[in-house]
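> Once you've had a glance at the structure underneath, I'll fire off some questions.
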Amino acid sequence: MSANPLSALHRLVLRHCQQPRQATSLPNVTLFNCPRPTKPVRSMYDPRICVVLQGRKRVMIGRSVYDAGPSQCLIATADLPVTAYVTAARPEKPHLALTLTLDRLCVAEVWSTMPKREISKGDASGLATGPLTQELIDPMTRLLSILDRPEDAAVLAPMIEREIVYRLLQGAFGPIVSRLVNDPNLMQVSRATRWLRDNYHKPFRVDDLASFVGMSATSLHRHFKAITAMTPLEYRREIRLEEARRRILSGVARVSEIGIDVGYDSASQFSREYRRNFGRSPSQEAELSRSNKALEPREL
């Protein structure tokens, strides 16, 4: 692969990103510039493509591990609680990356205009990695170039994002990205994850959730675990604990109230599960947050 096209992307990321994680004026684009390896960070991935330009990162979901190095992509096709961290970076050669959120409606619209082809089922996991191709480098470079010309964003950004989606569907990632709109199991599980994210503080029965998304309880359990590497109950627990941690770190409420607010009936159960997930109790987390405001980036 020629270095010149990639060097243009490098320069754009360096020019517009001076911190480990930075949102941009393009709502679907986030940039990363990490000068050194980071600690594991728990976060929620929505459907997206992450492009690693320099350095290396690792993403874990359940027991599965995904590594992405220079000129590699990582694709997420579901709402997934993950643990991610930079494994290779140094000040003179920082980890550089970008992510683009994959809008399901955009994927559906582009897919509907393409010649139909048989889709291989392959791995059911909601994460996959693969090489960054020249066909993707060009539109991604043009998309980031809009950051230098913000007046062009409203017209050009949606067009270029559609082109990127088209290139993804047309190339080796096609069977993976097309699942967003043509895999009934993924769509039903995605509907279940959205319900759990919106209603994590409420009690629920797996049978009721399965009925809501139009699956049997057995089928929901099987496909949910295949895609997210966890059961619906484990997924809800992750959402509850991540929300609790967000509230503790932001200091918006007392620790004694947060467990109840996110859906726990028992303070001891909340404290026990929080410690198991994060290695410290909610009270210890709050104290650490107060004494150290220079926190790691919340998402990688």
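> Conditions: (1) assigned by TED's automatic domain parsing to the domain that holds residue 189; (2) touching a Gly at 6+ places or on another chain (Cβ under 6 Å); (3) among the aliphatic types (A, V, I, L, M). Residue 213 meets all but one. Number of the miss?
Here residue 213 meets the rest and fails (2).
> Residue 147: closer than 19 Å to residue 10 by Cα and in contact with a helix residue (DSSP H, G or I) (Cβ under 7 Å, 6 or more places away or on another chain), yes or no?
yes
> When you go through 184, 158 one by one, which is the residue that is under 22 Å from the mean Cα position of the chain (by Cα), surrounded by fewer than 18 Cβ atoms within 10 Å (Cβ to Cβ) and modelled with pLDDT of 95 or more?
From the options 184, 158, the qualifying one is 158.
> Which residue, of 210, 153, 217, is over 23 Å from the mean Cα position of the chain (by Cα) and either among the polar types (S, T, N, Q) or closer than 22 Å to residue 27 by Cα (or both)?
Within the list 210, 153, 217, the selection yields 153.
> Ok, one more. Given (1) without any contact (Cβ under 8 Å) to a residue 40 or more places away in the chain; (2) outside any helix (DSSP H, G or I); (3) within 26 Å of residue 47 (Cα to Cα), where does residue 252 come up short, assuming only one miss?
It is condition (3) that residue 252 fails.
> Across the range 3-58, which residue is surrounded by the fewest Cβ atoms within 10 Å (Cβ to Cβ) among those that are among the small types (Gly, Ala, Ser) and free of Cβ contacts under 8 Å to residues at least 40 places away in the same chain?
3
> Looking at residue 230 and the list (1) under 18 Å from residue 80 (Cβ atoms); (2) in contact with a Lys or Arg (Cβ under 8 Å, 6 or more places away or on another chain); (3) part of a loop (DSSP other than H, G, I, E, B), which single condition is not satisfied?
Every listed condition holds for residue 230 apart from (2).
> So which residues in the range 76-100 are β-branched (Val, Ile, Thr), out of contact with any Phe, Trp or Tyr (no Cβ under 6 Å at 6 or more places or on another chain) and crowded, with 18+ Cβ neighbours inside 10 Å?
77, 86, 99
> Now, a different point. I'm checking my understanding of the structure. Among residues of the range 227-253 that are of a type in the set (Gly, Ala, Ser) and in contact with a Gly (Cβ under 9 Å, 6 or more places away or on another chain), which one is nearest to residue 291 (Cα to Cα)?
Filtering the range 227-253 for residues that are of a type in the set (Gly, Ala, Ser) and in contact with a Gly (Cβ under 9 Å, 6 or more places away or on another chain), the one nearest to residue 291 (Cα to Cα) comes out as 244.
The values are calculated or read from the model by the stated rules, or taken from the named source; none is laboratory data. What you see is a predicted model, and the numbers here were worked out from it, not measured in a lab. Here the Cβ is made from the backbone with ideal geometry for all residues, glycine too, and neighbour counts use every protein chain on show.
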